[in-house]
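First up is the structure itself, then whatever we jot down about it.
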């Protein structure tokens, strides 16, 4: 027992050291801003020097890690908190509300996000002869996993490539494949394997989610989506909610509201124009749903965001 305790202490110290090293790398690359989009496809680095309010956004299939501070993510009625010892894995596109809950000027929130593609996961499963999970039941498309030394080491090697940009096209894909492999064999690997398994219910729902993401402005017919997934409408609805914590209609509505907000902020569209462009037929209905979701009518919400941005600058 004494030997086991000593071994655990040594392992914990190695983990702490690896986190500190990765933290130093992220701090270095984010010195000049809150977000750094790197030369490595899909890899972004983040810094926040104070806690944030709730921010609505769409999480892509990805792994998110924090090396300092902590972040809270709300998916439907589910809550997730991740910190330096825990990563967040998102297996499908999901509308969420996120909030940095631990950050300060002396100890800023530092983290990273690496996006991945379902096709990469499927190919790696085939190349590695990883078996499909026995369970075919759809599970939530988001989860918290425990950070491991091999995962940290792979991310450190990925960030080290930022100093060797000519090596990125050759070496980065191999390291990214290793990271996906570590996820597939890790404590949350079942979720990825379910969604990447050809013909599984989870994969069919993932495809429906991809379709909704690209076609959210079109009228939604559950029967048509269910037919594409080769399920009855009730079965499709059940598995969709199991994976996303939302009904298909709620999912579509949140995609529309997120895009309308982007159009008003980024393209200076008025509320009525943005509403029509994302699929609403009634500006008044859009305003009511926007108010319920974001906590303020469109004009007041956009004005508040712009004031906050100017003050922060």
Helices (runs of 4 or more DSSP H) wholly inside region 146-199 containing at least 1 residues that are touching a residue at least 12 places away in the same chain (Cβ under 8 Å) and within 19 Å of residue 28 (Cα to Cα): 149-160, 168-184
Lone qualifier among 18, 39 - being touching a helix residue (DSSP H, G or I) at 6+ places or on another chain (Cβ under 6 Å), surrounded by fewer than 17 Cβ atoms within 10 Å (Cβ to Cβ) and in contact (Cβ under 8 Å) with a residue 12 or more places away in the chain: 39
Residue selected from region 69-96 under the condition at pLDDT below 95 and surrounded by fewer than 18 Cβ atoms within 10 Å (Cβ to Cβ), by the criterion nearest to residue 46 (Cα to Cα): 74
Checking residue 92 against (1) farther than 20 Å from residue 26 by Cα; (2) touching a helix residue (DSSP H, G or I) at 6+ places or on another chain (Cβ under 8 Å); (3) assigned to a strand (DSSP E or B), the condition it does not meet: (3)
Output for region 249-285, where each listed residue is surrounded by 15 or more Cβ atoms within 10 Å (Cβ to Cβ), free of Cβ contacts under 8 Å to residues at least 60 places away in the same chain and part of a loop (DSSP other than H, G, I, E, B): 269, 280
In region 105-128, the residues that are in contact (Cβ under 8 Å) with a residue 40 or more places away in the chain, part of a loop (DSSP other than H, G, I, E, B) and over 22 Å from residue 152 (Cα atoms): 105
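The values are calculated or read from the model by the stated rules, or taken from the named source; none is laboratory data. Model, not experiment: these values are computed from the prediction. Methodologically, a virtual Cβ is constructed for each residue, glycine included, from the backbone with ideal geometry; neighbour enumeration extends over all protein chains shown.
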